[in-house]
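Peer 1: To start, I am sharing the structure in question, which I have written as C-alpha cells.
The values are calculated or read from the model by the stated rules, or taken from the named source; none is laboratory data. It should be emphasised that the depicted structure is a prediction, and the values quoted were computed from it without experimental measurement. Virtual Cβ from ideal backbone geometry, glycine too; neighbours counted across all protein chains shown. Remember, those area values only see protein heavy atoms, side chains included, never the ligands or the DNA or RNA. Shrake-Rupley method; radii C 1.70, N 1.55, O 1.52, S 1.80 Å.
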Amino acid sequence: MRVVISIGGVYFADVARIKQIAAVLDELAEYRAGTYRLYVVTGGGAMARRYINMARELGANEVLCDYIGIALTRVNARLLISALQNAYPEPFSDYAAVRAKLPELESGMSKIAVMGGVTPGYTTDAVSAILAEYINADLLLNVTSVDGVYDADPRKYPDAKKYNRITSRELVRLTTRDELKAGSRIVIDPVAAKIIERSGIRTIVLDGSNPRNIIDVIIHGRHHGTEII
Ligand code: UTP
C-alpha cells in the first residue's frame with residue numbers, strides 16, 4: 001500500500017517531536033516487511049513564516065516569498081531524514097524524480113522518500129496531493145495541527161463546525177473562500193483541494209499532536225479527523 005503523508009511544519013519545531021514522528025514512520029516502514037510504502041512531504045512551519053515575513057518587509061514579491069518558504073520546507077525534509085532509520089538519503093525536489101525511483105524505493109525493505117516544496121503558488125498540501133496522484137497512491141494523509149476540516153478556522157472561531165466527512169467538491173468550495181498568500185494559514189490549500197477532487201484519492205486530514213494517530217489510521221483505519229470523499 002502506497003501512502004503519501006504530508007506533515008505540517010508545526011511538527012519540525014523541536015528535536016523531540018521530530019524524533020517521535022520519525023519513530024512512527026520507521027515503525028510503519030518496517031511493518032510486515034514493506035506492507036506500507038511511505039512518501040513524506042514536509043511543511044515549513046513557523047520558521048518558514050518568519051522568513052517569509054522578513055522577506056515581505058524587505059519588499060520581496062510573493063513568488064520570492066514562496067521560494068523562501070520552499071527552502072525552509074527542504075530544510076525540514078533534511079531534518080526528518082536525519083532522524084529516520086529507513087529514509088532515502090536525499091530529499092526529492094520534484095515529482096518525476098520520485099516516480100522514476102519507485103522501483104528502487106519499493107524493492108525489498110522500504111525506503112521512505114522525503115520531499116519538501118516544489119513550485120511557487122501553493123503549499124506542501126498541494127505537493128502531497130500532486131505526488132499522490134502521480135504515483136497512484138492508495139491513501140493521502142494530511143497531518144496537521146487541527147483535528148480535521150472545519151467550516152472556519154477553529155482557532156479564530158470557537159463555534160466553527162468540524163466535518164467528520166466532506167466531499168472534495170465541498171472542500172474546494174470552502175478553500176477557495178480564503179486568500180492565497182505565501183505563508184497563509186488554511187487547513188488545506190485550494191490547489192490541493194482541486195487535485196484531491198480530480199484524482200478522487202482517498203484523503204484523511206488528522207491531528208498529529210499524537211503521532212501514533214498516523215499508525216492508527218494506516219494500520220487500523222481508525223481516526224478522529226476528517227475523511228474527504
Ligand atoms: P507549507 O506547506 O508549510 O505552507 O509551506 P503552510 O500551509 O503555510 O504551512 P503549515 O502547513 O501551516 O505549517 C510554507 C510556504 O512555502 C511556500 C508557500 O509560501 C508556503 O506558504 N511553498 C511551499 C511554495 O510556494 N510551494 C511549495 O511547493 C511549497
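Peer 1: Note down the magnitude of the dipole of the stretch 1-131 about its Cα centre, charges +1 on Lys and Arg C-beta and -1 on Asp and Glu C-beta and zero elsewhere, to the nearest 20 debye.
Peer 2: Around 100 debye, computed over the stretch 1-131.
Peer 1: Can I ask one more? So with the 1.4 Å probe, I'd like the accessible area per residue for the stretch 114-176, rounded to whole Å².
Peer 2: Ligands and nucleic acids excluded, the result is 44 Å² per residue.
Peer 1: In the stretch 59-164, which trypsin sites (Lys or Arg not before Pro) fall in coil by DSSP and have 10 or fewer other Cβ atoms within 10 Å?
Peer 2: Sparse-neighbourhood loop trypsin sites (Lys or Arg not before Pro): LYS156, LYS161.
Peer 1: Something else now. Once fully extended, how much extra length lies between ARG198 and ARG177, figured as 0.36 nm per residue of separation less the alpha-carbon to alpha-carbon distance?
Peer 2: 5.7 nm
Peer 1: Further question on the same structure: When all alpha-carbon pairs of the stretch 1-104 are counted, what percent fall beyond 17 Å?
Peer 2: 56 percent
Peer 1: Let me ask you something else. What are the semi-axes of the equivalent ellipsoid for the chain, taken as the square roots of 5 times the Cα gyration tensor eigenvalues, largest first, in whole Å?
Peer 2: Whole-Å semi-axes of the equivalent ellipsoid: 25, 21, 17.
Peer 1: Please report the relative contact order for the stretch 95-205, taking Cα pairs under 8 Å with a sequence separation of at least 6, and give it as a percent rounded to a whole number.
Peer 2: 34 percent
Peer 1: For TYR134 and GLU30, FRET efficiency with R0 = 25 Å and r from the beta-carbon atoms, rounded to 0.05?
Peer 2: For R0 = 25 Å, the calculated efficiency reads 0.45.
Peer 1: Would you mind telling me the share, in percent, of accessible area of the stretch 111-229 contributed by carbon and sulfur at probe 1.4 angstrom?
Peer 2: Reported share for carbon and sulfur atoms: 46 percent.
Peer 1: Which one of THR175, THR42, THR124 has the biggest mean-square fluctuation once the chain is modelled by GNM with Cα springs under 10 Å?
Peer 2: Among THR175, THR42, THR124, the largest mean-square fluctuation in the Gaussian network model of the chain belongs to THR175.
Peer 1: For the stretch 1-76, give the magnitude of the charge dipole about the Cα centre (Cβ charges: +1 Lys/Arg, -1 Asp/Glu; no others), in debye to the nearest 20.
Peer 2: For this selection, approximately 100 debye.
Peer 1: While we're looking at this one, here's another question. Charges only on Cβ, +1 for Lys and Arg, -1 for Asp and Glu: so what's the dipole of the stretch 108-229 about the Cα centre, in debye to the nearest 20?
Peer 2: The dipole magnitude comes to about 20 debye.
Peer 1: Right, another one. Please compute the Kirkwood hydrodynamic radius of the stretch 46-154 from all pairs of different C-alpha atoms, in Å with one decimal.
Peer 2: Hydrodynamic radius (Kirkwood, Cα pairs) of the stretch 46-154 is 15.5 Å.
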